[in-house]
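Student: Take this structure, written in structure tokens, and hold onto it; I'll ask about it next.
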Amino acid sequence: MEGHPIANDVTLEPLDDYLVLEPVDESELPSGLIVPSNEALQVRSGIVSAVGPDVASIEPGDKVLFPRDAGFDVRLARSSHRVRVLRREDLIARIHD
């Protein structure tokens with residue numbers, strides 16, 4: 001792979017209307033909303049870390065609610081850090097706390 005540097009750290013830059021978020025485990029938000037990450041539940045929450053150029057009304061740092069089965073789990077190279085990649089249309093709500 002001449003001419004291509006080998007990256008030690010991988011970051012995801014979502015394209016089109018995709019976004020990258022970090023799923024949040026069970027937690028009680030300051031607003032009092034409890035969002036557990038139990039496999040039996042139909043929704044999960046996460047914090048948006050990056051958005052594609054076609055994503056409207058959502059920014060990195062936003063806390064969001066999404067269907068449990070939406071998107072794709074991605075494990076970044078050389079770490080156990082996992083993120084979720086999904087389309088903007090899969091988001092259900094923004095969580096304000």
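Student: Can you name the residue in segment 68-91 that is without any contact (Cβ under 8 Å) to a residue 24 or more places away in the chain and part of a loop (DSSP other than H, G, I, E, B) and is also least open to solvent (accessible area, probe 1.4 Å) among such residues? Can you show your working first?
Tutor: Residues of segment 68-91 without any contact (Cβ under 8 Å) to a residue 24 or more places away in the chain: 69-73, 75, 79-81.
If we keep only those that are part of a loop (DSSP other than H, G, I, E, B) too, we end up with 69-71, 79-81.
On the way: ASP69: 122, ALA70: 11, GLY71: 28, SER79: 48, SER80: 100, HIS81: 78 Å².
Taking the candidates together, the pick is ALA70.
Student: How many of the residues making up segment 50-71 are of a type in the set (Asp, Glu) and under 17 Å from ARG82 (Cα atoms)?
Tutor: The initial filter retains those residues of segment 50-71 that are of a type in the set (Asp, Glu), namely 54, 59, 62, 69.
Subsequent filtering for residues that are under 17 Å from ARG82 (Cα atoms) retains 69.
Selection size over segment 50-71: 1.
Student: Go through (1) in a loop (DSSP other than H, G, I, E, B); (2) open to solvent by less than 90 Å² (accessible area, probe 1.4 Å) and name the single condition LEU65 misses.
Tutor: (1)
Student: Kindly list the number of the only condition in (1) in a strand (DSSP E or B); (2) of a type outside the set (Phe, Trp, Tyr); (3) open to solvent by 40 Å² or more (accessible area, probe 1.4 Å); (4) modelled with pLDDT of 95 or more that fails for LEU15.
Tutor: Only one criterion in (1) in a strand (DSSP E or B); (2) of a type outside the set (Phe, Trp, Tyr); (3) open to solvent by 40 Å² or more (accessible area, probe 1.4 Å); (4) modelled with pLDDT of 95 or more is unmet by LEU15, namely (1).
The values are calculated or read from the model by the stated rules, or taken from the named source; none is laboratory data. Since the structure is predicted, the reported quantities are computational estimates derived from the model, not experimental observations. When we count neighbours, we look across all protein chains shown, and the Cβ atoms used for this are built from the backbone with ideal geometry, even at glycine. Side chains included, ligands, DNA and RNA excluded: accessible areas come from the protein's heavy atoms. Shrake-Rupley method; radii C 1.70, N 1.55, O 1.52, S 1.80 Å.
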